1. Relative contact order for the stretch A:82-194: what percent, with Cα pairs under 8 Å and sequence separation of 6 or more?
2. Could you order peptides A:155-166, B:124-135, B:52-63 by the average number of other Cβ atoms within 10 Å of their residues, highest first?
3. Among A:152, A:184, A:100, whose mean-square fluctuation peaks in a Gaussian network model of chain A (Cα, cutoff 10 Å)?
4. Classify the stretch B:82-194 from the C-alpha gyration tensor, please: rounded if a/c falls under 1.5, else prolate or oblate depending on whether a/b exceeds b/c.
5. With chain B rotated onto chain A, spot the residue of B whose Cβ lies nearest the axis and note the distance in whole Å.
6. Can you list, shortest first and in nm, the gaps between the label point of residue A:23 and those of its counterparts in the other copies, using a point 7 Å from Cα in the C-beta direction?
7. Please report, for the Cα atoms of the stretch B:126-176, the Rg to one decimal and the Dmax as a whole number; what are they, in angstrom?
8. Which angle from 0 to 90°, rounded to the nearest 10, does the C-alpha axis of helix A:65-76 make with the longest principal axis of chain A?
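We did not get these values from a lab; they are worked out from the coordinates using the rules stated. Bear in mind that the values here come from a model prediction, so they are computed numbers and not experimental data. Heads up, the Cβs are rebuilt from the backbone with ideal geometry, glycines too, and the neighbour counts pull from every protein chain shown.
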DNA sequence: CCTGTCAAGTGAAAAATTTCATAAAATTAC
DNA sequence: GTAATTTTATGAAATTTTTCACTTGACAGG
């Protein structure tokens, strides 16, 4: 099997989103063209992306919505639920704890940690906030592979090291510090202000001809 | 001037982050190698990215930290402050209102909107929550160009259309619905569960040889 | 002031990614 | 049942992006 480019993986998730939405709408079949249009892509690209995983389309007809969804979920490891640990229950952290989208998409935040004594013991959405001293113990015991980090940037490195040692394989990092681990660990750095900053480049240079659009 | 690839823009912001951090640490000079290492990139790529905007490095020495920071900020439109409107003061929205990172990076959330009568009139961090009926009026009057959208996905399209009509040029969209506008408008779709989903692909396929790492 | 080393800048080469062209299968229209 | 149309699949071409090789300027040491 050929190597799957990272850009393809990112698109696959978006395809899955669209496929599931169409599934809900009762569409029995979907064509690459439809998927592509919904995301502003070239249909050839969609087919090529899907073809990495074998051929599950029908010529002249398209893809069976349900089967495509199932296959994509399987490819992405989304055919089962994942347990997630959340570290750092500040403003952002508690909003993430309450964010219904994770559960909807198969991710169960099963524990939350903080250092602040005021927060420890409190409960948000069924989840009791635990002391960060217990983090390794609980994460190991529960066999948690994914963690969400919403802590100050100063603590990011130390805490993520501890998580990795406790068995976590993937981290979604909201702290504005770039974290890196080598294979097989994965970090996804989500820097909220960074997104705004990439917007301003285009706003600022809007109209000039040196733009990639 | 040559067209700037989107991937370059994304890296430039990260360079700026590192440069500012080093500036704070008192480093007078920075080399492409140092910048590259901090982000796990090839130094040639860093030089090429910077060279799009002219030559501001010194051979044998590197880049003057301060000047590089200034230049990058100017390129990115970050040499001034930006006013931002926040729409949707739910869990995520109010966390974003309280998120200090935006202000730190030059973005002032100056107004917030919601539909819920319970929320309208309340105040979070100096910002009074206004009715969404007043959105267009205030956004136009204040000449706001950037909006953060943290509303349910069902409302995303309608609200973003209204924002665009009111003069907004860039949207940071947290609603899990893919929004698209054509040039010169920009949308950055930030789908939180989507990030987790891209992690699971790698966790699931970990160890298999078909991976891009 | 010469020599060696370092690092930016630049054009060419390589690699990766996307688009295109074509073939083949399925469906629809006649 | 045949022709036309639709749409996937796949290998080739084009494009984009990254890496490499080389040149040049700057500085340090002798």
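1. Value for the stretch A:82-194: 23 percent.
2. Highest-to-lowest ranking by the protection proxy: A:155-166, B:124-135, B:52-63.
3. In the Gaussian network model the winner is A:184.
4. Since a/c stays below 1.5, the shape of the stretch B:82-194 is classed as rounded.
5. For the rotation taking chain B to chain A, the closest Cβ gives B:95, 2.
6. Between copies, matching label points for residue A:23 lie 4.8 nm apart.
7. Expressed in Å, the Cα Rg and Dmax of the stretch B:126-176 come to 10.5, 29.
8. 40 degrees
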